[in-house]
């Protein structure tokens, strides 16, 4: 049940932000922005770190999040577990606006989640 909630939370549409988002299609540019920082959405209780070694870790609503990621054809692709439950592999469009990062599932055609870099 919690995986359903997390999937909805992690990919719900977020309110518009005044700054416009710019797509990041390069893995190096992506890592320059996120490596060593936490992607945080305090409203939903999510804190995730994306590591340069192809792993990710953190918490979502106090349950552990772990997984792997890679960069394919300009998209961030990841598979995760949350509290032991699998979250399927998905490739996402990554956009940035200042210290905010937006991930849009299904190669940019799905739902979005916005995080603050901390």
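General remarks:
- Tally, over segment 66-90, of residues that are farther than 17 Å from residue 29 by Cα and in a strand (DSSP E or B): 14
- Pair list, Cβ under 9 Å, 6 or more apart: segment 47-58 residue on the phi > 0 side of the Ramachandran plot, other residue surrounded by fewer than 19 Cβ atoms within 10 Å (Cβ to Cβ) and part of a loop (DSSP other than H, G, I, E, B): 58/38
- If you go through segment 91-118 and pick out every residue that is under 11 Å from residue 23 (Cβ atoms) and either modelled with pLDDT under 95 or not in a strand (DSSP E or B) (or both), you end up with 1.
- Looking across segment 38-65 at every residue that is outside any strand (DSSP E or B) and closer than 19 Å to residue 92 by Cα, the one that is farthest from the chain's Cα centre (by Cα) is identified as 53.
- Criterion violated by residue 72 - all others in (1) touching a residue at least 12 places away in the same chain (Cβ under 8 Å); (2) closer than 17 Å to residue 40 by Cβ satisfied: (2)
- Search result, residues across segment 18-37 that are assigned to a loop (DSSP other than H, G, I, E, B), more than 13 Å from the chain's Cα centre (by Cα) and without any contact (Cβ under 8 Å) to a residue 40 or more places away in the chain: 18, 36
- Hits in segment 39-59 (condition: under 14 Å from residue 99 (Cβ atoms) and surrounded by fewer than 17 Cβ atoms within 10 Å (Cβ to Cβ)): 42
The values are calculated or read from the model by the stated rules, or taken from the named source; none is laboratory data. No experiment lies behind these values; they were computed from the predicted model shown. Quick reminder, even Gly has a Cβ in these numbers, built from the backbone with ideal geometry, and neighbours come from all protein chains shown.
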